[in-house]
1. Just checking, how many residues over the range 36-73 are loosely packed, with under 12 Cβ neighbours inside 10 Å and either closer than 16 Å to residue 3 by Cα or touching a strand residue (DSSP E or B) at 6+ places or on another chain (Cβ under 8 Å) (or both)?
2. Residue 138 is checked against (1) modelled with pLDDT under 95; (2) out of contact with any strand residue (DSSP E or B) (no Cβ under 8 Å at 6 or more places or on another chain) and fails just one. What number does that condition carry?
3. Has the range 12-20 got any residue that is within 13 Å of residue 134 (Cα to Cα) and part of a loop (DSSP other than H, G, I, E, B)?
4. Can you report the number of residues in the range 97-126 which are over 22 Å from residue 39 (Cβ atoms) and surrounded by fewer than 13 Cβ atoms within 10 Å (Cβ to Cβ)?
5. Residues to consider are 27, 23, 93; find the one that is closer than 14 Å to residue 135 by Cα, out of contact with any strand residue (DSSP E or B) (no Cβ under 6 Å at 6 or more places or on another chain) and not in a loop (DSSP other than H, G, I, E, B).
6. Could you list, in sequence order, the residues of the range 55-67 that are within 17 Å of the chain's Cα centre (by Cα), more than 23 Å from residue 114 (Cα to Cα) and without any contact (Cβ under 8 Å) to a residue 24 or more places away in the chain?
7. Report, by residue number, each residue of the range 114-132 that is farther than 28 Å from residue 80 by Cα and in contact (Cβ under 8 Å) with a residue 60 or more places away in the chain.
8. Go through the residues of the range 80-89 one by one and say whether even a single one is touching a strand residue (DSSP E or B) at 6+ places or on another chain (Cβ under 9 Å) and either outside any helix (DSSP H, G or I) or surrounded by 13 or more Cβ atoms within 10 Å (Cβ to Cβ) (or both).
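The values are calculated or read from the model by the stated rules, or taken from the named source; none is laboratory data. Computed from a prediction, not measured in an experiment: that's the story for all the values here. Cβ: placed from backbone, ideal geometry, glycine included. Neighbour counts: every protein chain shown.
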């Protein structure tokens, strides 16, 4: 097996960004010319995450509300005491979702469902330039 390494860079805002990165990932897979294998995505950092959803405004709003219920911004986080940066909630949110995602590649295409897109979630309370490590294996 040979691995091909790529990177995708995405600028985010503050708050909970949910950004569709499917096209960028599909382009990297296409350019790799891998026919049957897989792509592993990883976002370095402790306040970003990756998952799949139907990237539609209703689902995005529902997901944001669910995230707010799971790890509200306005409760006490010990992390904020230590660093004073006010983003304790973002670390908890990222840990719930996870920093990596693996998708099989079959016949040169991502094996996503009809209504399934790859999304980057950025929970930090300040804008970031996120790097997504892309490793494609055949």
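1. Number of matching residues: 2.
2. Among (1) modelled with pLDDT under 95; (2) out of contact with any strand residue (DSSP E or B) (no Cβ under 8 Å at 6 or more places or on another chain), residue 138 violates only (2).
3. No: zero hits.
4. Summing the residues that are over 22 Å from residue 39 (Cβ atoms) and surrounded by fewer than 13 Cβ atoms within 10 Å (Cβ to Cβ) in the range 97-126 gives 0.
5. 27
6. Within the range 55-67, just 66 meets the criteria.
7. 115, 116, 117, 118, listed by residue number.
8. Filtering the range 80-89 for residues touching a strand residue (DSSP E or B) at 6+ places or on another chain (Cβ under 9 Å) gives none.
No, the conditions are met nowhere in the range 80-89.
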